[in-house]
1. For region A:135-167, name all the residues that are under 13 Å from A:L220 (Cα atoms) and among the aliphatic types (A, V, I, L, M).
2. Scan region B:336-386 for residues that are hydroxyl-bearing (S, T, Y) and closer than 18 Å to B:S326 by Cβ and jot them down.
3. Tell me, please, whether a residue that is of a type outside the set (D, E) and over 15 Å from B:A117 (Cα atoms) can be found in region B:82-96.
4. Tell me, yes or no, whether region B:437-451 has at least one residue that is hydroxyl-bearing (S, T, Y), exposed (fewer than 15 other Cβ atoms within 10 Å of the Cβ) and at pLDDT below 85.
5. Among the helices (runs of 4 or more DSSP H) confined wholly to region A:139-222, which include 3 or more residues that are more than 18 Å from B:L334 (Cβ to Cβ), touching a residue at least 24 places away in the same chain (Cβ under 8 Å) and away from chain B (no Cβ under 12 Å)?
6. Please go through region A:45-71 and pick out each residue that is in a loop (DSSP other than H, G, I, E, B), over 15 Å from A:D32 (Cα atoms) and modelled with pLDDT of 85 or more.
7. Collect the residues in region B:116-132 that are at pLDDT below 85 and in a strand (DSSP E or B), keeping them in residue-number order.
8. Filter region B:45-75 for residues that are surrounded by fewer than 16 Cβ atoms within 10 Å (Cβ to Cβ) and small (G, A, S) and give the result.
Amino acid sequence: MKLLLVEDDESIGRAIHRGLQEAGHQCLWVKDGDSALRQLASDCPQAVILDLMLPDRSGLEVLRQIRAIGNQLPVLVLTALGSVEQRVTGLEAGADDYLTKPFEFVELLARLSAICRRSSGPVSTRWTAGSLVLDLTLRRAVREGVEINLTPTEFSLLEYLFRFRGQTVSRRMLCEHLWDASWEGVTNVIEVHLTRLRSKLDRPFSFPMLVTVRGQGYMLDVAENGGNRDTAPPPTAPGEA
Amino acid sequence: VATLFWQWLTQFRQVIAQSNRARRSLKVRLVLWNTVVVAFIALAILLIARNGTSLLLDRSLLRLLEEDANEIVLGLQSEASWSEAQNGVELQRKADVHRQEQWFVELLDREGHRHWATDSAPLTRSPLSSAFREVEKPLRQPVGAIERVRVGASYAPVREQQRQLDRWAWAVSLLAIVAAPAGGYWLAQKATAPFAQTIATARRLRPGRLDERLPVRGTGDELDRLSLTINGLLDRLAIDVRRQQDSLANSAHELRSPLAAIRATAEVAMTAPRTTEDYASALEDIVGQCDRLQSLVSQLLLLAETESDLTNVHRADIDLQPLTQSILEMMEPLAESRSIDLRSHWESAFVQGTPGHLQALLVNLLDNALKFTPPRGRIEVRLRADHQQQLAVWEVSDSGPGIASGDLPNVTKRFYRGKATPGGSSIPGNGLGLAICQSIAESHGGTLTIESELGRGTRVQVQLPLIDH
């Protein structure tokens, strides 16, 4: 994917730039708002990662300018300011998602691919991927035709993992998802719930879908050859249609 | 002429502006009001006294004349006929005695014409009304041609007395008008003098120098009460400022240890060539320390957020019941994995608050309880709505080791960590959890109280203002 990274901090910029390239993306890195707008016009990237505090103009201004010319490409905003108001301001200015510094790199990747996918397909309340079906209205999960009995928390975790399927999801992301705010509760809680979820989702079936990625987090991989997770995940977007 | 007039107008305006500024001073206002009130009261009293006295003088003159008239009527009635030689001489003698007051008697016939009169009687009647007071009495039976008696006297002596009274009244009024501002100034001076010291002290106060207090003179008056109130505020401010300063220093210290760990790990990793596995493990350590830093920073931010009123923007009416229920549902498996008996009772209780913060409050309390309760212990969570006292009460009690009574007042202080319990390992966490809980409870207008008994367990109670829903 062709990405534009707008970040003035040398260290963060270098790390993200390198990380994105190693994840197989084509990434262009600029350090101020003016060059960002120039690159947008000439290069046509598929998504933008935008820092809000730039030397020449605020990231919000750049974002408004992008939206003002009718460009609907996905924008992921990065900022050190994480209060609810600031988050709301960012989203109102047209950001697709919002990531507070410091963040985990896996989270950046996961959110990036999520906003790219979101902008391409309509939203449905019935998600299918491989043999797994989630019904968001009835809060029901079915694998290989067998209904899996889940508690609300377990379903909520599975729903989140499903949204980022094929991507590593960190414990912190799951934590924030469960607690609805950036409150970091006891991470043990996540582990306990995931263990239970795994025993219900994987144990009765032929292969595990819920995979632990050592030192990074968890991943939902619905394909049978799921062990091979270093390659790019198979395109699963049609499942949402 | 126009320029002159314009200059004069400008000067006049300046004077008015100055007097406007001066009028704002409490002292000037006191003097003005005092003058107005005293002058008004003095004038009113004098006016009433003067008019009252005149009225009395006039009445007593009339009464005297009436008595005289009655006496003459009785005298005439007892005689068969009028004899000028006898009665007339007698009346004339009386008139001579009271010549100064121009006392006179007139005897009138049926038509009201004068039949006889003392020589003091005025010749014409036209100006009589204002210069004389007179009384007329009819005879029951005419004595010769005489049918009526008129007795009168000059009004001039009364007038003279009135004028004298007026002079006194003016003198006293003038004195009052002159004395009132002076007295007012003295009073105002006396009343406002203590303010000067208060103002001087207050001017010296700075956020960094909050040790001074406003003077309290011990009279118990309004100014003393004001000083005491402000001193109370200063006490609370000083405590708060001190706490903020301590907290800032503590935060910086707490940030140091993960930073030191990161630095040491990275530097040691670089001192010699190592295997890829070694580097990977060093980097994992560093990420772990970053997690510590990160959670510390977000907890500090949460604390700052709950302490500022900014969060009020997101207040909503929340039922604590579903919130409690979902948190318990989330924590239940953790309790089960440690064989802890987690029990709960709840009812609907609405409060006004920030959902994220209230959630953090209960999660923190439960986290603490789970952290300290040994396997096969018991934790009880209770939510009830006390409609009588208008309180929503959250209670988390555990069967943990309890908190030593010496530690109890300190556990809600930031970065305070109790000593390791006998037989237990060191206490995990950064010592912010309960400080955050208390701050959240207080920012919602509530309280957090902790009761504990060593070896028996701990009970934390959060009371929040209940709202009707």
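1. A:L157, A:L158, A:L161
2. Correct list: B:S344, B:S348, B:T354.
3. no
4. Checked region B:437-451: no residue is hydroxyl-bearing (S, T, Y), exposed (fewer than 15 other Cβ atoms within 10 Å of the Cβ) and at pLDDT below 85.
5. Passing ranges, in order: A:152-163.
6. Once the filter is applied, which keeps residues that are in a loop (DSSP other than H, G, I, E, B), over 15 Å from A:D32 (Cα atoms) and modelled with pLDDT of 85 or more, region A:45-71 yields A:P45, A:Q46.
7. The answer is B:F132, and nothing else.
8. B:A49, B:G52, B:S60, B:G75
The values are calculated or read from the model by the stated rules, or taken from the named source; none is laboratory data. Keep in mind that what you see is a predicted model, and the values were worked out from it rather than measured. So basically every Cβ, Gly included, is an ideal-geometry build from the backbone, and we count neighbours across all protein chains shown.
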